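Here's the structure, in structure tokens; my notes come after.
Rule-based calculations on the coordinates, nothing more; no lab input. Treat the numbers as computed from the prediction; the structure is a model and nothing was measured. Reconstructed Cβ throughout: ideal geometry from the backbone, glycine too, with neighbour counts over all protein chains shown.
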Amino acid sequence: MARCKLRSGPFLFVLGEVGLKKQLEMLIELQKLDLAQEALRLDVEKRREKVEADTDMLLDLEQTLTRQTESLEETRKLLENKKDELEEAKKGQEHAHTKLNAVTNSRDYAALEREAENFKKVIVQVEGEIEHLRTALANAEEQNAKHKADYDNLQAEIETNRKEVDEAAASIEGRVAELQAKANEVAKGIQPQVLARYRFIRSKRSGVAVVSASGGTCTGCHMRLQPQAFIVLQRQNSLECCQNCQRILYYDAEEAQALHENASK
């Protein structure tokens, strides 16, 4: 156990059991008010962070949509070019067949027959490419439509959440001011050195400066107190701090009794 050390050196706060108990009660009440304010602010902050994270996600989705749209346009152009290529191949094949009917010698006939066969191969190949492009285009359009729906839904959700966050931020101002006024009033009854120590510990211990020593253990850091130190704490005639985490400790007899009864069941 450690006496709470202030800037002027070790501080032994002695007012008797009643005076010390009153100071501790005010510290506990002040901490509740301070934590309540922080909880309100933290809730709004987390919700605002969620909106910002969703906004970043929306930007990524927008960039994905832009790339997909560009890719779709390129695929559509390639498909149209392949259709034109197919038309040209069919015309070439038809022209070769027409000339086949007009030739009179076997040499020219064989050459035109090979030309017609080449056009046939090109037609089969291009038709396969067109079918592949159509399938790819249909899948890409479906994926693009899904992403567009996701984008629209997320954008609507962000707009709603941002409005709610702004409203929540405005609505807590009155509540925070009310809590702060109560905290200021409570703080007036706490000795300046004790108040300074409380605020210093809060700044170092995630806002929790006052904790109970339940069953001989600091509930702030869960370290076991030395038996003699716990006895000193139970006398309740001096302000004591946990030697490990430096939080201000208090002893709650009712809490200790309840703990004892639960342990014996």
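Given GLU115, GLU70, which one is touching a Gly at 6+ places or on another chain (Cβ under 9 Å) and assigned to a helix (DSSP H, G or I)?
GLU115
Look through ASP54, ASP43, ASP84 and report the one residue that is exposed (fewer than 15 other Cβ atoms within 10 Å of the Cβ) and closer than 27 Å to GLU141 by Cβ.
It is ASP84.
Is there any pair with a first residue in segment 109-131 that is under 26 Å from ARG76 (Cβ atoms) and a second that is of a type in the set (D, E, K, R) whose Cβ atoms are under 6 Å apart and which are 6 or more apart or on different chains, and what are they?
VAL126/LYS82; VAL126/GLU85; GLU129/LYS82; ILE130/LYS82
Being under 30 Å from ILE158 (Cβ atoms) and assigned to a helix (DSSP H, G or I) is the requirement here; does THR98 meet it?
Spelling it out, it is not the case that THR98 is under 30 Å from ILE158 (Cβ atoms) and assigned to a helix (DSSP H, G or I).
Confirm whether SER203 is within 27 Å of LEU40 (Cβ to Cβ), part of a helix (DSSP H, G or I) and among the polar types (S, T, N, Q).
Criteria met by SER203.
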